Amino acid sequence: MRLLRLQYNGDYELVRYVGKHVPPYAILSHTWGRDDEEVAFSDIQNATYRNKPAFAKLQFCGEQAAKDNLEHFWVDTCCINKSSDAELSEALNSMFRWYRNATKCYVYLADVAVNRDSQQLPLELMDPESHQLPFESTFRQSRWFTRGWTLQELVAPSSVDFFSCEGIYIGNKRTLELPIYNITGIAIAALRGASLSNFSVAERISWAARRETTIEEDQVYCLLGIFDVHMPVIYGERVEHAMRRLRKEILETDRTSTLKEVYESDNPEACLSTLAAADQTRFLSQTLHRSKHACVWISSNRQYDVWYKDNDSSLLWITARAGCGKTTAAAHISQMVSAEQIKGQGSIEKAYKPVLLYFFFRRSNLKADKTALAALRTLTSQLVHQEARLLPILHRRHDELSAKGGFEWTWENLSSVLEEMLEQPMFTLPVYIVLDAIDECESDSRKLILDWAKGLVGAMTTSTFRAPNTIIKLLVTSRPDG
């Protein structure tokens, strides 16, 4: 491993260390510019690095390391001799370990600027009311969060500090845990240093799903450390072939992973299909179509208004005799709340929409229309389709149950999955759950879903709910005697 060191004359030199003799060092995580802008291995050798536009990053890392009493530091652009295929392959296979062993990791965000003259607080000091970060828009949209190699650079080190393009400290991996989780979908336990073997193959691959690499094979090579595998780097083999080799290595090194898990890990539909969820969209659309001009009274109804606007009002229960329009009301309320949206802060153009989960119980000979478990399967499927970052939770529980043999979604295991999903700190707007005609639910399972729904609403007001900022709004309709 080569490390950079500042000499007494102000020049930088590369020093090679082997085995256990590597001294404490800092390591840089950044996004690359054009190749001719970055400081390369040959630039250090020939002392031609000072005229490179990216020299500022190298200089920043060296100066920050000195502030942290570290004499040595590592920068990927110039500490690897990329003209040697053997050295490059060894480096890519060692990269995760190098980041993990670093005393400090500095993330240099070239596209996040901080106005020194402003009165903004550090990013880690969030507004306790809105839970928004100052200049969160640029932080969320930073290119650093979209690159393949930065995945392991975030997960592997124990100490990760974030800096703006001016070199201003804006927080660390722990103080920025919530926004990082919301941006990346990486499990908080993984961000805190839990062994990655605790997470399923599917979950780990999902962390890289939306990330990009300049070279296509790097989409696979950037996962080597995530799965603790070693394999030769062969640029030009194409990403499909590289993925086949990675899967083979995972099966050979991780005896807890099954063939089915490894080969279905990048196919989310394979896991979602096990829910066998009922398609409720058609019924909702038909109900709305038949009653286009009905229910105009709802928006002016006091009980609805309190339930909709007051965050402390979680339950709205509509009771009426058969044929009075309860299902029509539920459908129109579903349409009204799903139309709600807010614009992102600052320069974020994305509009945030609430999550709407709904199930209309129907008198039918099909269990998919009238059982508590059918409702739970549907609500879970709807939630994952609206918030893909929750899919790893479903994958993990599916894998745990499959490993025990005789896999089957039951009320007990699936209700705990849905509860865990709802407790994740990612919901900007309320989560609406609509359970219509609950009196049509089979009598032997009706109590299950009623107790679950009441328990969910009750948990929000106690310390047992792990996401205190999540707001859940429950709408139930039934006959008076239901």
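Name the single residue, out of those in segment 137-152 being open to solvent by less than 10 Å² (accessible area, probe 1.4 Å), touching a helix residue (DSSP H, G or I) at 6+ places or on another chain (Cβ under 8 Å) and modelled with pLDDT of 90 or more, that is farthest from LEU224 (Cα to Cα). Looking at residues that are open to solvent by less than 10 Å² (accessible area, probe 1.4 Å), touching a helix residue (DSSP H, G or I) at 6+ places or on another chain (Cβ under 8 Å) and modelled with pLDDT of 90 or more, I get TRP144.
Looking across segment 358-381, just one residue is touching a Ser or Thr at 6+ places or on another chain (Cβ under 6 Å), within 16 Å of THR327 (Cα to Cα) and hydrophobic (A, V, I, L, M, F, W, C), and that is PHE359.
So if I check each of THR146, THR150, THR175, which one is closer than 18 Å to ILE27 by Cβ and assigned by the TED database to the domain that holds LEU58? After ruling out the rest, the residue left standing is THR150.
Please enumerate the residues belonging to segment 184-210 that are surrounded by 17 or more Cβ atoms within 10 Å (Cβ to Cβ) and not in a helix (DSSP H, G or I). Quick ask: steps written out before the conclusion?
First, the residues of segment 184-210 that are surrounded by 17 or more Cβ atoms within 10 Å (Cβ to Cβ): 184-187, 190-191, 196, 199-208.
Passing the criteria: GLY185, ILE186, ALA187, PHE199, SER200, ALA208.
Go through segment 1-89 and tell me which strands (runs of 3 or more DSSP E), entirely inside it, have 1 or more residues that are more than 31 Å from the chain's Cα centre (by Cα). I'd like the intermediate steps shown before the answer.
Numbers: elements: 2-6, 12-16, 25-29, 72-74.
The qualifying strands (runs of 3 or more DSSP E) are 2-6, 12-16, 72-74.
If the condition is being farther than 21 Å from THR281 by Cβ and open to solvent by 70 Å² or more (accessible area, probe 1.4 Å), then segment 385-406 contributes GLU400, ALA403, LYS404, GLY406. TYR99 meets the conditions (1) in contact with a Leu (Cβ under 8 Å, 6 or more places away or on another chain); (2) crowded, with 20+ Cβ neighbours inside 10 Å in every case but one. The failed one is (1). Against the condition of a type outside the set (Asp, Glu), open to solvent by 40 Å² or more (accessible area, probe 1.4 Å), farther than 19 Å from GLN64 by Cβ and touching a strand residue (DSSP E or B) at 6+ places or on another chain (Cβ under 7 Å), how does ARG5 come out, does it pass? Criteria not met by ARG5. Selection of segment 14-63 for residues being open to solvent by less than 50 Å² (accessible area, probe 1.4 Å) and in contact with a His (Cβ under 9 Å, 6 or more places away or on another chain) yields VAL15, TYR17, VAL22, PRO23, TYR25, ALA26, ALA54, LYS57, CYS61. Within segment 263-275, being surrounded by 13 or more Cβ atoms within 10 Å (Cβ to Cβ) and at pLDDT 60 or above holds for ALA270, CYS271, LEU272, THR274, LEU275. Any residue that is at pLDDT 85 or above and over 22 Å from THR380 (Cβ atoms) - is there at least one of those in segment 286-298? Yes, segment 286-298 has at least one match. Looking across segment 156-183, the residues that are within 26 Å of ALA65 (Cβ to Cβ), open to solvent by 10 Å² or more (accessible area, probe 1.4 Å) and in contact (Cβ under 8 Å) with a residue 24 or more places away in the chain come down to ALA156, SER158, SER159, ASP161, CYS165, GLU166, GLY167, ILE168, TYR169, ASN172, THR175. With respect to the conditions (1) modelled with pLDDT under 90; (2) in contact with a strand residue (DSSP E or B) (Cβ under 8 Å, 6 or more places away or on another chain), GLU340 lacks only one, and its number is (2).
Does PRO232 count as open to solvent by 30 Å² or more (accessible area, probe 1.4 Å), not hydrophobic (A, V, I, L, M, F, W, C) and not in a strand (DSSP E or B)?
Criteria met by PRO232.
For segment 3-22, indicate whether the set of residues that are touching a Ser or Thr at 6+ places or on another chain (Cβ under 8 Å) and in the same structural domain as ILE80 (by the TED database) is non-empty. Taking every residue of segment 3-22 in turn, none turns out to be touching a Ser or Thr at 6+ places or on another chain (Cβ under 8 Å) and in the same structural domain as ILE80 (by the TED database). Filtered by the rule that a residue be among the charged types (D, E, K, R) and open to solvent by less than 10 Å² (accessible area, probe 1.4 Å), segment 407-446 gives a lone residue, ASP436.
The values are calculated or read from the model by the stated rules, or taken from the named source; none is laboratory data. Small disclaimer: the values here were computed from a predicted structure and weren't measured. Cβ atoms come from the backbone with ideal geometry, glycine included; neighbour counts cover every protein chain shown. Surface areas here come from the heavy atoms of the whole protein model, side chains and all, with no ligands, DNA or RNA. Shrake-Rupley method; radii C 1.70, N 1.55, O 1.52, S 1.80 Å.
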